[in-house]
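No lab work stands behind these numbers, since they all come straight from the coordinates. All of these numbers come straight from a predicted model, not from anything done at the bench. Here Cβ is always computed from backbone atoms with ideal geometry, including for glycine, and neighbour counts include all displayed protein chains.
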């Protein structure tokens, strides 16, 4: 192994960085930002799906009597949202492509925001039970 002086190390570093210009770093940053955004979007969608799954599991466990540590109005809210999403009579008809599903998604997101703390408690209970 060759021992390098500090002066030689600095010179080598400056030579190597001199081979790259600011646009190289800008391209690299832009690429990494786009990759992070894609990963972030995928993880957000995955989290939403996990939240919905746990939401319906919580409703099921409440109805079967396994989990009763949630206020009744939360259960009514979840059931109401489920009925709203399944029901074909919405504020915006589901037969209209894309736009027809927007109101369903908004209602689901509002419900998840409403029951966020109770859903976290349910997950802790579920994990302790396993």
### Peptides ranked, highest mean first, by Cβ atoms within 10 Å: ranges 81-93, 113-125
113-125, 81-93
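Please report 60, 7 as a ranked list, fewest other C-beta atoms within 10 angstrom at the top and most at the bottom. Please list the in-between numbers first.
Numbers: 60 11, 7 8.
In order of increasing Cβ crowding within 10 Å: 7, 60.
Give me 111, 63 ranked fewest to most by other Cβ atoms within 10 Å of their Cβ, as a rough exposure proxy. Don't skip to the answer; put the middle values down first.
On the way: 111 22, 63 11.
Fewest-to-most ranking of 111, 63: 63, 111.
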### Task
Determine, from the Cβ-Cβ distance of residue 101 and residue 56 and an R0 of 22 Å, the FRET efficiency 1/(1 + (r/R0)^6), rounded to the nearest 0.05.
0.75
### Query
Between residue 129 and residue 87, what length in nm is gained on full extension when 0.36 nm per residue of separation is reduced by their alpha carbon distance?
11.7 nm
